[in-house]
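Derivation of every value follows stated rules applied to the coordinates shown; laboratory data play no part. Predicted model, so just to flag it, every value in this text is computed and none were measured. Here Cβ is always computed from backbone atoms with ideal geometry, including for glycine, and neighbour counts include all displayed protein chains.
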């Protein structure tokens, strides 16, 4: 895998975000309420504390914050809409439609009951979604969540309700070894959560469409 290009944006919402030219991103988005509000505040506070201490590189801080997020996501708090077949199938169709439009090259993904993991690189079709500040993740992901959430809510007969949590986690992949570890992590998620014994038996992952 070629090394990514220059940094194009570093910014923060509740969590920090780092975009690079031609970056391969590991991204996690979760359902609204999948991480309880109190736990989310604790995670954000942990990140701010680590930033102030400045004793760890950005990559290590990101790993610590993600591990805490995943600990809560694995508890499957709140609704489990992404394991409903009609909802999950629609989500997969949207992912593949964006692939067909050359918005992203989705290397691997999995839909868990309360969250989704993506490993992707933006393609030329994503340029139309850049934010006014020139950010791709910040320009595309909110639109993706808004559209997919509206589609899911229509299936669930929910009107005016938030589907996805506002914040997302992203991390750009540094090298091929990390990319392979991330693929394995995504594939192992349904097994780790006790949903199946072999990841190939989980129907809501990229492997189910190949």
In vacuo Debye sum over C-alpha of the range 105-163, base-10 log of normalised intensity I(q)/I(0) at q = 0.16 Å⁻¹, listed in q order, is -0.64
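Could you work out the helix-only [θ] at 222 nm for the chain, with each DSSP H run of four or more residues adding -39,500 (n - 2.57) and the total divided by the number of residues, to the nearest 500 deg cm²/dmol?
Numbers: 5 runs with 86 residues, N = 210.
So the helix-based figure for the chain works out to -14000 deg cm²/dmol.
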Extend 7 Å from the Cα of residue 14 along its Cα-to-C-beta direction; within the range 132-150, residues with backbone N under 20 Å of that point are 137-150
Fewest to most Cβ atoms within 10 Å: 30, 206, 131 sort as 131, 206, 30
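Rg/Rh for the chain to two decimals, with Rh computed the Kirkwood way over all alpha-carbon pairs. Could you put the intermediate results ahead of the total?
Values: Rg = 16.5 Å, Rh = 17.7 Å.
Reported Rg/Rh (Cα atoms, Kirkwood Rh): 0.93.
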When 157, 170, 74 are ranked with the fewest other C-beta atoms within 10 Å first, the list becomes 157, 74, 170
For the chain, averaging the sequence separation of alpha carbon pairs under 8 Å that lie six or more residues apart and dividing by its residue count, the contact order in percent is 29
Semi-axes a, b, c in Å (a largest) for the range 79-197, each sqrt of 5 times a Cα gyration tensor eigenvalue, come to 22, 21, 12
Going fewest to most other Cβ atoms within 10 Å around each Cβ, 200, 31 line up as 200, 31
